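K.L.:
Here it is, the structure in full.
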Amino acid sequence: GEDVEQSLFLSVREGDSSVINCTYTDSSSTYLYWYKQEPGAGLQLLTYIFSNMDMKQDQRLTVLLNKKDKHLSLRIADTQTGDSAIYFCAEPPGSGNTGKLIFGQGTTLQVKP
Amino acid sequence: DTAVSQTPKYLVTQMGNDKSIKCEQNLGHDTMYWYKQDSKKFLKIMFSYNNKELIINETVPNRFSPKSPDKAHLNLHINSLELGDSAVYFCASSLRTGGRETQYFGPGTRLLVL
């Protein structure tokens, strides 16, 4: 079935690294995504990774993909208070042709000054 | 500004009423969506339209009826509102580039049913 799971809450100190984890079930997904939701706003695409990659780095963001374990992680280096938000991982079920995305429950990241 | 916009931003209404939420995107995208986000922040797709044609219809009560008058608009009408309909409803549109789908979300409509 289609299922994406995340831990619900993470608290870090400003300047530390944050690691948000996600597990998914559909191994045929071509892309996996991370979206960010700031308070009172809609979701914004943060980054994505193609399924034949193990790692993708984009400035302070590092995405790691372990296809064997169906595990995706998002690392935020030098976490800032502005990074406080809810982070959702998402995968398109099957071939991904419909545009449908299955979202995890979201991980609330709290950054303490 | 180019964006996905929704109206109203807040909607407070009584049980049993009928209400509509409007969504417009000026990004030129072919595909639009409605999502429901509950109080626990769980986000679930409700409907998707591609070029005014319904392509995704998840298990949603018949009281919810989407309408797409053109590919830039996707409205959501809800009949006989129930307490459990209270949630944030997000509209989104998407662009597919080389097999990768990027969804652009509106700011949300916060519906409270009393």
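K.L.:
Between the chain alone and the structure with every protein chain in place, find the residues of region B:46-61 that drop at least 10 Å² of accessible area; heavy atoms, 1.4 Å probe.
P.N.:
By number: B:I55, B:I56, B:E58.
K.L.:
While we're looking at this one, here's another question. From the phi angles alone, apply the Karplus equation (6.51, -1.76, 1.60; θ = phi - 60°) to region A:18-31 and give each ³J(HN,Hα) in whole Hz, x where the residue is Gly or Pro.
P.N.:
Calculated HN-Hα couplings, in order: 10, 10, 10, 10, 8, 10, 9, 10, 8, 7, 8, 4, 8, 10 Hz.
K.L.:
Determine, from the Cβ-Cβ distance of B:D38 and B:H73 and an R0 of 22 Å, the FRET efficiency 1/(1 + (r/R0)^6), rounded to the nearest 0.05. Walk me through the numbers on the way to the answer.
P.N.:
Numbers: r = 25 Å, r/R0 = 1.15.
Once rounded, the FRET efficiency stands at 0.30.
K.L.:
Specify which residue in the list B:L111, B:P61, B:S80 is farthest towards the positive end of the charge dipole of region B:7-114, using unit charges on the beta carbon of Lys, Arg (+1) and Asp, Glu (-1), about the Cα centre.
P.N.:
Positive-end residue among those listed: B:L111.
K.L.:
If you don't mind, another one. If you plug each phi of region B:39-48 into the Karplus form 6.51 cos²θ - 1.76 cosθ + 1.60 with θ = phi - 60°, what whole-Hz ³J(HN,Hα) values come out, in order, with x for Gly and Pro?
P.N.:
With coefficients 6.51, -1.76 and 1.60, one gets 5, 8, 6, 5, 10, 9, 6, 10, 9, 9 Hz.
K.L.:
Right, next: List the residues of region B:69-114 that lose 10 Å² or more of accessible area once all protein chains are present, compared with their chain alone (1.4 Å probe, heavy atoms only, no ligands or nucleic acids).
P.N.:
Residues shielded by partner chains are B:F90, B:R96, B:G98, B:G99, B:R100, B:E101, B:T102, B:Q103, B:F105, B:P107, B:R110.
K.L.:
Per the 1.4 Å probe, what fraction of the accessible area of the protein assembly as shown, in percent, lies on carbon and sulfur atoms?
P.N.:
Working: 5440 of 10950 Å².
Roughly 50 percent, rounded to a whole number.
K.L.:
Now, a different point. Express the accessible area of region B:5-114 per residue in Å², computed with a 1.4 Å probe while the remaining protein chains stay in the model.
P.N.:
Accessible surface, normalised per residue, equals 49 Å².
K.L.:
Expressed as a whole number of Å, what is the distance separating the alpha-carbon centroids of region A:14-47 and region B:26-47?
P.N.:
Using only Cα atoms, the two centres lie 16 Å from each other.
K.L.:
Along its principal axes, what span do the Cα atoms of region B:57-114 show, with the longest given first and each in whole Å?
P.N.:
Taking the Cα atoms of region B:57-114, the three principal extents are 44, 21, 21 Å.
K.L.:
May I ask you to give the solvent-accessible area per residue for region A:23-113, in square angstrom, as obtained with a 1.4 angstrom probe?
P.N.:
Numbers: 3950 Å² over 91 residues.
Accessible area per residue: 43 Å².
K.L.:
To the nearest 100 Å², how much accessible surface do chains A and B cover up together, summed over both, with a 1.4 Å probe? The partial results should precede the final answer.
P.N.:
Numbers: alone 6150 and 6560 Å², together 10950 Å².
The A and B chains share an interface burying roughly 1800 Å².
The values are calculated or read from the model by the stated rules, or taken from the named source; none is laboratory data. Predicted model only: the values in this text are computed from it and were never measured. So basically every Cβ, Gly included, is an ideal-geometry build from the backbone, and we count neighbours across all protein chains shown. Ligands, DNA and RNA are stripped out before the accessible areas are found, and what is left, the full protein with its side chains, is counted by its heavy atoms. Shrake-Rupley method; radii C 1.70, N 1.55, O 1.52, S 1.80 Å.
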